[in-house]
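Notes for the one structure printed next.
The values are calculated or read from the model by the stated rules, or taken from the named source; none is laboratory data. Small disclaimer: the values here were computed from a predicted structure and weren't measured. Virtual Cβ from ideal backbone geometry, glycine too; neighbours counted across all protein chains shown. Keep in mind that these areas ignore ligands, DNA and RNA; they rest on the heavy atoms of the full protein, side chains included. Shrake-Rupley method; radii C 1.70, N 1.55, O 1.52, S 1.80 Å.
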Amino acid sequence: MTRHVQRADSEPSVTALSQEPDPALDRLTRLAANTFDVPIVLLQSVPQEVCLSRVGPDDGVNWEALQNFCLEYVSAASRVVPNAQTDQRFASHPLVTGPAHLRFYACHPIRDGQGNIVAMLSLVDHRPRCLSREKYACLRDLCALIETQLRDRSAALSHAPVTLTSDQAFEQAAVGMAILSLDGRWLRVNVALCRLLGYSASELLQRDCQSLTHPEDRAADDVRLQSVLDGLSSSYSAEKRFFHQRGDVVWVQASMTLVRDADGQPDHLLAVIEDLQPRQEAAWIAKVAQAELEASIKANTLERRITTDVLGRQIDRRVEAQRELEAERNRIRTLLHHAYDAFIAMDQDGRIVEWNLAAETMFGIGRKEMIGRLLIDSIIPARMHGVFKTRLEHVVSTGDRSLFDRPFSITALRHGGEEFPAELTVCADRISDRLLFSAFLRDLSEVELQGIRDYRDVSRDRLTSLPNRSLFVDYLTQALDRSVRQRRHVAVLSIDIDRFHLINEEFGRPVGDVVLHQYAERLRSAVRRTDTVCRLGGDRFAVLLEGLGSDPQADAGRVGEKVFEELSRPILADGHRIELSSSIGIAVHRCDGIGGVDVLLERADAEMYRAKHTRWQRYVARRAG
């Protein structure tokens, strides 16, 4: 995964989004790519255009153009585009028409604690696809995790202390610091390092690091340094020995980091060198103290004082643990209050004890008005009161957990009386012998509407509003199943407008579209209301005839005659009188016949082409089995 971060000097919330790479954000974008099986995931801030994390190949993707595309279509709500090629908002975009081949696009806003959009998570694929209700819920949950991560980062930055400049930090550091050339020469040293090794700065700059290193440590030092220079790692840390100016050995903890130039090439080494003597002395002192303590315990001379001290430390630890627990409770309470989904807590008497901001928005009533009220009188439709009471009494009396910790669909009630579909997940905890129920609710209204719109967009021909080939195949599959159960026959008419391309060439594409639209209307009026008319594509149409009698060949032939006559009448389009001729092929499927959808369509097409290649401009029919 490749991740780029741009710098931006602005308000704190923006600064929080433009820091160094965040492994937590990278894990979340990788999780998005795996969960939704998409090759490209982009997380960027709004409106500063800062790329926070991304998943996708470095080659073959114009990341700048993709980032601009995502920012161009920023939405206050989730947006799912199953096929950008068939969506008028995106069909002409260069990323859709060009080699990028963008088809599927989904995005979801990332908000701060005040509800402002601060970032956008985008999913991109090169193939059309739809999001299921479960996947849509996953997208919202994933964005809630990202919101939490960004808020935590922002809070940490807002409380960060003011730091010294890099030069001040280097010179005034309490530990030794140095800059070395790639061959180990001292280029710059600070006061702490000079004091540690007993040399002045000028004396150190005339030496190299290895000349002051203990001979037994040099080989291992060389191996670790070579690993960094070869790009196998960016830094290392190890204990080693230096010679002091007076000749004795100084144990240190040396950490080396490789610094690269603007072109990514190794430039120099940054060293942090810490004196281990205080640590070793502290360990020795602790060891001696432990021995003395054990001796004192054995001698039973300091038992009371030691016992008091131990008890005091235990009490201090418990008090500190209690503080940490309370802080964690407050943090969880804050997260729940600002959660994207509605969160409602209820005691075992059915009274509301918690009601977060999302619940206020979803149900249209504030927290103060809801705390203490009965849940059944607030968000449960009247017709479901009996079921709710029965289940609550059953859970309280038996402890049955079969309804907990799994999502299921319900009908909820807003404050104004409007019912809406929702997804509910409930869990229960026993506190002081009483049950506390916690519930997360998600409004599915927009999800259902979006699903209906997406299905209509991908299953209907935009010009004629007729079912497209995919939906026609579904209808035909169901019709063949019904024909077996009802013992009724089925037929398919394959219809093609002869030499339609000449109309487009002579009169232009707009006139051709008018002709196709009127042609579809005539075809629809020539068949029964129970018959299905579809546009297979271009100038190709089809009709599905169901419920044919004992002589399906004759029944289908009569319909074909009527269709042929209706379609032969001239069409007036943009002041032009256009004469049309059509070729019709009929294939019949008897209820006891063999062969499926593909066979039936192939035979109808074959009969249509046979009619086209004759000069009858009529239909020919053949029994399809």
Do we find that Gly115 is open to solvent by 30 Å² or more (accessible area, probe 1.4 Å), of a type in the set (Gly, Ala, Ser) and over 22 Å from Leu28 (Cβ atoms) in this structure? no
For segment 175-220, name all the residues that are surrounded by 18 or more Cβ atoms within 10 Å (Cβ to Cβ) and polar (S, T, N, Q). Asn190, Thr213
Take the residues in segment 545-558 that are surrounded by fewer than 21 Cβ atoms within 10 Å (Cβ to Cβ) and under 51 Å from the mean Cα position of the chain (by Cα); name whichever of them is modelled with the highest pLDDT. Glu546
Looking at (1) open to solvent by 20 Å² or more (accessible area, probe 1.4 Å); (2) closer than 25 Å to Arg462 by Cα; (3) not β-branched (Val, Ile, Thr), which is the only condition Tyr609 fails? (2)
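Does segment 118-134 hold any residues that are open to solvent by 20 Å² or more (accessible area, probe 1.4 Å) and more than 22 Å from Ser459 (Cα to Cα), and which are they?
Going through segment 118-134, the residues open to solvent by 20 Å² or more (accessible area, probe 1.4 Å) turn out to be 118, 126-134.
Of everything in segment 118-134, just one residue is open to solvent by 20 Å² or more (accessible area, probe 1.4 Å) and more than 22 Å from Ser459 (Cα to Cα), namely Val118.
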Just one of Val597, Val527 is at pLDDT below 90 and open to solvent by less than 40 Å² (accessible area, probe 1.4 Å); which is it? Val597
Please go through (1) within 22 Å of Ser132 (Cβ to Cβ); (2) open to solvent by 60 Å² or more (accessible area, probe 1.4 Å); (3) in contact with a helix residue (DSSP H, G or I) (Cβ under 8 Å, 6 or more places away or on another chain) for Pro94 and return the number of the only condition it doesn't satisfy. (1)
Of the residues in segment 97-112, how many are touching a strand residue (DSSP E or B) at 6+ places or on another chain (Cβ under 8 Å) and either open to solvent by 20 Å² or more (accessible area, probe 1.4 Å) or on the phi > 0 side of the Ramachandran plot (or both)? 2
Listed by first then second residue, the pairs whose first member lies in segment 97-118 and is under 21 Å from Leu52 (Cβ atoms) and among the acidic types (Asp, Glu), whose partner is open to solvent by 20 Å² or more (accessible area, probe 1.4 Å) and in a helix (DSSP H, G or I), with beta carbons under 6 Å and at least 6 positions apart or on separate chains, are Asp112/Ser13
